[in-house]
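To start, the structure itself, in structure tokens.
Rule-based calculations on the coordinates, nothing more; no lab input. Not measured: the values here are computed from a predicted model. Every residue, glycine among them, receives a Cβ derived from its backbone with ideal geometry; neighbour counts consider all protein chains shown.
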Amino acid sequence: MQFHAEFFPKAFPVKMKHTNKLLLVGSCFTEQIGKKLSAHKFEILDNPNGILFNPVSIAKAIFSYAEEKLYNEDELFYHNELWGSWEHHTSFSDIDKNSALRKINDSQKKATDFIKSADWILLTLGSSFVYERKEEANKNNYKNVAANCHKIPTDKFNRRLLEPEEIKTILQKMVSAALEINTNAKFIFTISPVRHLREGFIENNQSKAALIQAVHSLTNDENVFYFPAYELVIDDLRDYRFYAEDLVHPNYAATEYVWEKFVPAVIDEDSQKLMKEINEINAAMNHKAFNPQSEAHKKFMLSNLEKIRSLSKKYSYINLKKEEDFFTQ
């Protein structure tokens, strides 16, 4: 009997290479994939605004990079002894206004430079719900949408579920804005498998459905692709044992499963071969020596050092300095 309805994502017609640059923006699932890409020595920039969940805030972040926006102190707010930004995660907040502003603008400058030459922009959408600040009445430009509520009481916000057509429109504008400054950019949309159950079980499904409908309507464009991370966890794995203790976030096994499907569908074969070699080096770095002073361990270290130097010579665009320093010791 078959107890598992496994499916394999369709391979992209254009695949990612190790020489490509990747900008990742979106939910915490984006950061999990970003860590894996970084560990395999892809050049990435991950969440310059911090974790973002709703499509409006994700689009606003891309707009800000395309426009080379820098923030000023009037755009910060003060709460619980911290200065923060409505368009950034709490990781950018600081007790000192100037420090908060400096962190935000340093990240903005990096993102502005990076997006101009990014080959891929990977966007993970988490929720169709937006929280609109009541003090900002203008809804036409989404200025009142908070990327993060910063633990401010919920009565200061209006919660609203975006319509699929509304999501499609703002994401289309976002794609166009990015392509204006980088005509070679390609986009990968994913829907986060993280379940937003605080919104409610039924509401979470409404939210994910709106995102899925909106994103699929964009994939007719030859620059826009969809990777089914959400479907792999919800419909393929389909089991609570693949979630963390909170029953909301996919656990390590689920993330590994999605990654194993992502690699053959999205990354080209030459890069996959290089990734295997990098994996061997990563495994060697995590090896715990029983006797670090032994001749066997010294040979092991030297062998890996030679392998790293050989890879560095063959693939000059891969930065293996950290690994070389580790085995040189």
Over the chain: helical MRE at 222 nm, DSSP H runs n ≥ 4 each giving -39500 (n - 2.57), nearest 500: -13500 deg cm²/dmol
Listed with the fewest Cβ neighbours within 10 Å leading, ASP221, ASP74 appear as ASP74, ASP221
Figure the gain on full extension for GLU165 and HIS4 (residue separation times 0.36 nm, minus the Cα-Cα span) and round it to one decimal in nm. 54.5 nm
Antiparallel %, DSSP beta bridges [both residues in the chain], to 5: 40 percent
Ranking SER192, PRO153, PHE129 by how far each Cα lies towards the positive end of the charge dipole of the chain (+1 on Lys and Arg Cβ, -1 on Asp and Glu Cβ), the top one is SER192
Spatially proximal aspartates and glutamates relative to LYS307 (Cα-Cα < 12 Å; intrachain offsets below 8 disregarded): GLU277, GLU280, GLU323, GLU324
Specify the inter-centroid distance of region 172-191 and region 262-323, based on alpha-carbon positions, in whole Å. 34 Å
Residue-span extension gain [ILE181 to LYS314] - 0.36 nm each, minus C-alpha spacing: 44.7 nm
Let's see if you can work this out: charge +1 on each Lys and Arg Cβ, -1 on each Asp and Glu Cβ, no other charges. What is the dipole magnitude of the chain about its Cα centre, in debye to the nearest 20? 600 debye
Which of the three applies to region 21-267, rounded, prolate or oblate, going by the alpha-carbon gyration tensor with a ≥ b ≥ c and a/c under 1.5 meaning rounded? rounded
Placing +1 at every Lys and Arg Cβ and -1 at every Asp and Glu Cβ, with all other atoms neutral, what dipole size does region 278-328 have around its Cα centre, in debye to the nearest 20? 100 debye
For each pair in LYS69/LYS143; LYS186/LYS322; LYS109/LYS313; LYS276/LYS298, compute the distance between the two Cα atoms and list the pairs where it is over 26 Å. LYS186/LYS322; LYS109/LYS313
Per its Cα gyration tensor (rounded if a/c is under 1.5, else prolate when a/b beats b/c, else oblate), region 216-329 is best filed as oblate
What full-extension length gain, to one decimal in nm, is calculated for LYS322 and SER217 as 0.36 nm per residue of separation minus the Cα-Cα distance? 33.5 nm
Burial ordering of SER217, SER303, fewest other beta-carbon atoms within 10 Å first: SER303, SER217
If I take R0 = 22 Å and measure r between the Cβ atoms of PHE300 and GLN272 in this structure, what FRET efficiency does the formula 1/(1 + (r/R0)^6) give, to the nearest 0.05? 0.30
With the contact rule set at Cα under 8 Å and sequence spacing of 6 or more, what percent relative contact order holds for the chain? 19 percent
Taking a ≥ b ≥ c as the square roots of the Cα gyration tensor eigenvalues, with a/c under 1.5 meaning rounded and otherwise prolate when a/b beats b/c or oblate if not, region 86-169 comes out oblate
5 angstrom amide H check on GLU43, placed H, neighbours 5+ away: LEU22
